[in-house]
Amino acid sequence: MKKGSDGLSLNIIELAETRPCACMHACNVRPPFLFPDLHPSAKMRNQGGGLGGEQKHLCVAAMNNDTTTDECFCYDDNGKIAVGLPLVFNFLDNNNDTCLKAKGKTPQEDHDFDPEDEVGDGASCPAEIKLKIKKSLLEFRCKVENAILGNFLLGKPDETLTPKEIAVAREQLREITIWGVPLLPSKAHEGTDVVLRKFLKAKDYKVNDAFDMLQKTLIWRRVNNIDQIIDEDLGPESGNSGFLCSRDREGRPVCYHVCGVIRDRRLYKKTLGSDIKCDQYLRWRIQLVEKAVEKLCFREGGVDSILQVFDLKNTPMQGTKELHSFSKKTLVLFQNYYPELIHKNIIVYAPFWFYTSQVLFSRFISQRNKKKFILARPHKVTHTLLKFIAPEHLPTEYGGLRRNNDDDFSSSDKVLEVKIKANTVSKVEFPVQELGVTIMWDVTVLGWDVTYKEEFIPDDEGSYSVLLQNQRIDGSSTRNSFYISEPGKIVITVENWTYKKTKMFYRSKARTTVPMFILLS
């Protein structure tokens, strides 16, 4: 420790060689180490002496006890500041039992902090957890930087290569990306830290484990040519067993996996009939997830995860040994090579036998990923999905209002909600005064254990009411339309004679149309 001329206490770290800085600034120095014990290539020394006129770069963590602003500086041997990086930590007296407190932000406001994070060192204070997370991220960035510039991120270089070929491989490695995000920290890409944090979080912020996971992921993607998998034609047989559909309430892409289609023995043999077909089906599943990842935004505050819905309705129980093996392989693959890219896995219409097989699958899933699985009971499917997906984005087969190739409504049409109490009758009215228009409406009720009626009631008391629909509905959403030839209103009546409250979602619009009898006359 040494006092500088400006009265700051300086921890000086001598760096082994000059390399681009990983501190997100364009300085020509090695990545700054805020903590000297983070990296084996850094060692503590006192400033002054021993430089021998040779230009060396020093990273200095400056802590000013008299002010409220702390900064990290990159110094050269002449004491000239190359770059300044504000720190978010206010270092308190080491003799106090208080945690290192973050300045200016609450835990909820900081993007690094997650209440579910388990750092593993018995840290109970949110500020201390944040400090460990930032410390791990900094060490991880430096480790990745060294691996890329040292040409060993993808393993030990081939010794048979010529020096020219090694130089070319080194330059190619500097441009390496994952999910479209450059991995070299000194490139200062806004998504690099977001991606690195995902690997850290998957390994509970253990840097060595996260680096090993990143290395294996990159090797797996290169060996299997994953970066070009989206352009591959993997056959139409698998197309009905999965699809991307809209986004959830937070803007995440939603990926649906429909397992019931393999009940068809012909399709079952085409997808899972042999090891080669299983590998091709798995590759199609990876392609589907890669298409969802393409829609993500790896930046601070951006949408960087996807939501998956697994529909197990009509999934066969007998003769599904290949299916169980495929499911286990898929779970392990996405856990190892897509860390923290899956926000939640919602399983709907699960048969009884699935709950017993889940015990076997749980052995291959980490504790962190187990928390991401949600089992929705059959009568709670729509209710569970609506917690994550708005009704205008939820497909009709799951109780939502979204239809494929819908020319009448779009996701921008406003959806209204009506709460229906137990043992009550609720009504919704659409007054229409304009003549010569067709009014359309879209309605869905949670559970549909109600009596549903639609009718047109004219304003003229001498006219007759028109009953459009009156029945007990069990199923998906319902849509109807009516041509308005006189002023009146559409009245929708929902009778809930159960002891449970429910909800109704609806939307409507009017469109000018010409009656068919006029066109035919």
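The values are calculated or read from the model by the stated rules, or taken from the named source; none is laboratory data. Because the structure is predicted, anything quoted here is derived from the model rather than measured. FYI the Cβ positions are ideal-geometry reconstructions off the backbone, even for glycines, and counts take in every protein chain you see. Ligands, DNA and RNA are excluded from the accessible area calculation, which covers all protein heavy atoms including side chains. Shrake-Rupley method; radii C 1.70, N 1.55, O 1.52, S 1.80 Å.
Give me, ordered by chain and number, the residues 5 or more places off Ile420 or on other chains with an amide H under 5 Å from its own placed amide H.
Thr502, Lys503, Met504
Please list the equivalent ellipsoid semi-axes of the stretch 189-272, computed as the square roots of five times the alpha-carbon gyration tensor eigenvalues, in descending order and whole angstrom.
So the three semi-axes of the stretch 189-272 are 32, 18, 14 Å.
Please compute, for the alpha-carbon atoms of the stretch 393-486, the extent along each of the three principal axes and give them in descending order in Å.
Dimensions of the stretch 393-486 along the principal axes of its Cα atoms: 42, 36, 19 Å.
Please compute the length gained on full extension between Asn208 and Asp158, using 0.36 nm multiplied by the number of residues separating them and subtracting their Cα-Cα distance.
Roughly 15.7 nm would be gained on extension.
Leaving ligands, DNA and RNA out of it, work out the accessible area of Ser463 with a 1.4 Å probe and give it in Å² to the nearest 10.
Rounded to the nearest 10, that gives 40 Å².
Per q in 0.15, 0.28, 0.30 Å⁻¹, report the Debye log10 I(q)/I(0) for the stretch 449-511, using one uniform scatterer on each alpha carbon and no solvent.
Debye curve over Cα of the stretch 449-511, log10 I(q)/I(0) at q = 0.15, 0.28, 0.30 Å⁻¹: -0.56, -1.35, -1.46.
Over the stretch 362-452, what is the mean sequence separation of C-alpha contacts under 8 Å (at least six apart), divided by residue count, expressed as relative contact order in percent? The partial results should precede the final answer.
Details: 47 pairs, mean separation 21.7, N = 91.
So the answer I get is 24 percent.
Once phi is turned into θ = phi - 60°, what whole-Hz ³J(HN,Hα) does the Karplus curve with 6.51, -1.76 and 1.60 give for every residue of the stretch 453-467, x standing for Gly and Pro?
Each residue of the stretch 453-467 in turn: 9, 10, 7, 9, 10, x, 6, 6, 5, x, 8, 8, 6, 10, 7 Hz.
Starting from the 7 Å offset along Cα-to-Cβ, what nm value, one decimal, do you get for the label separation of Gln228 and Asn423?
Using points 7 Å along Cα→Cβ, the separation is 6.9 nm.
Which residues' amide hydrogens lie under 5 Å from the amide hydrogen of Ile374, considering only partners 5 or more residues apart or on another chain, with H built in the peptide plane?
Hits under the 5 Å cutoff: Asn345, Ile346, Ile347.
Report, to two decimal places, the Cα Rg of the stretch 247-399 normalised by 2.2 N^0.38 Å (N = number of residues). Please list the in-between numbers first.
Values: Rg = 15.5 Å, N = 153, 2.2 N^0.38 = 14.9 Å.
It is 1.04.
Of all the accessible heavy-atom surface of the stretch 389-512, with the other protein chains kept in place and a 1.4 Å probe, what percent is carbon and sulfur?
44 percent
In what order, largest first, do Val303, Val223, Val289, Val514 sit by accessible area if the probe radius is 1.4 Å?
The ordering from most to least exposed comes out as Val223, Val514, Val303, Val289.
Note the full-extension length gain between Lys370 and Ser485 as 0.36 nm times their separation in residues minus their Cα-Cα distance, in nm to one decimal.
35.6 nm
Using 27 Å as the Cα-Cα cut-off, could you pick out the over-long pairs in Lys313/Lys421; Lys372/Lys419; Lys134/Lys372; Lys372/Lys421; Lys201/Lys329?
Where the Cα-Cα span goes over 27 Å, the pairs concerned are Lys313/Lys421; Lys372/Lys419; Lys372/Lys421.
Taking a quarter of the surface of the convex hull around the Cα atoms of the stretch 350-444, what do you get in nm²?
10.2 nm²
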